[in-house]
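J.: The following block contains the structure, expressed as structure tokens.
Only the coordinates and a few stated rules stand behind these numbers; no lab work does. What you see is a predicted model, and the numbers here were worked out from it, not measured in a lab. Here the Cβ positions follow ideal geometry from the backbone for every residue, glycine too, while neighbour counts run over all protein chains shown.
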Amino acid sequence: MLAAAALTPVRHGSALLTAFGSNLRRLAAAAAGIGKSPRACRPMRPTVNADADRQDRLHRRIPPRPRGLYVLAAVIVADTEADRHREALRALLYRGQVRLHWRDEGSQRRGDLIAAVCGLRHTGAVVIAAGMAPGRQERARRKCIERLLRELASRGIAEVTFERRHKDLDAHDRAMVAALQRQQSLPAALRASWQAAASEPLLWLPDIAAGAASLAETGDETYWKELSKAFSVERFWLR
């Protein structure tokens, strides 16, 4: 694990999880033409969010894609800070926009979001799985969830909120968390729940973190450079 910042466990806090899966070549293309660097951020209190961006379409006439990344981010937010964070995040929405979603924003807007998020107090953790084969995002996700939940448990986090995806996919996540608890790999007291990102603004924080970290893996640290000060980062290769 590469420690990007010293993180202190929050006794009364929650973690929200979001994942970002993508192909390295497409990430590099998306990084082209990014604008000026955002201003420096203050370290923040953690929240976790994960957002899965699936890019698994293949065509027989197209050579096999290079292996990609799966990034799962967690941001930890203290209970006493949660409502203030939600209010600040909702204020960033455009008229008619129901949630913030990194992959839908342009470069200038992303810079604005990073600057705003840097004004909030949080810490967090990011797990990056490299070598993801086409169509194997769920396997990569399971590996990332296991590592990230262990990291959060080691910090004393007792409540984790996942971004809701699909009924069946969420059921797979629940089954995995339960299995890890039965194996005593996670504390039995750890509580996991699933919410829609549109109804929980705190889930937008890990989405932003995961998106910025993904771009940084291609060499573009425009957004991640400042955010990384509040996060620990663990990288591993899928076998």
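J.: Using a Förster radius of 35 Å, what is the FRET efficiency between Lys225 and Asp79 based on their Cβ-Cβ separation? Nearest 0.05, please.
T.: Calculated value: 0.75.
J.: While we're here: What is the set of long-range amide H partners of Arg165 at a cut-off below 5 Å, with H atoms built 1.01 Å from backbone N?
T.: Those lying under 5 Å, H to H, from Arg165 are Asp170.
J.: In µm²/s, what is D for the range 122-239 at 10 °C and 1.306 mPa s, where D = kT/(6 pi eta Rh) by Stokes-Einstein and Rh is the Kirkwood radius from Cα pairs?
T.: The Stokes-Einstein estimate is 104 µm²/s.
J.: Tell me, what is the FRET efficiency for Phe236 and Ser193 to the nearest 0.05, using R0 = 22 angstrom and their Cβ-Cβ distance as r?
T.: Calculated value: 0.25.
J.: From the phi angles alone, apply the Karplus equation (6.51, -1.76, 1.60; θ = phi - 60°) to the range 158-168 and give each ³J(HN,Hα) in whole Hz, x where the residue is Gly or Pro.
T.: Rounded to whole hertz, the list is 10, 9, 10, 10, 9, 6, 5, 10, 9, 3, 5.
J.: Okay, moving on. For His172 and Ala91, FRET efficiency with R0 = 30 Å and r from the beta-carbon atoms, rounded to 0.05?
T.: FRET efficiency, Ala91 to His172: 0.30.
J.: Can you tell me the order of 145-157, 197-209, 79-91 when each peptide is scored by its average per-residue count of other Cβ atoms within 10 angstrom, highest first?
T.: 197-209, 145-157, 79-91
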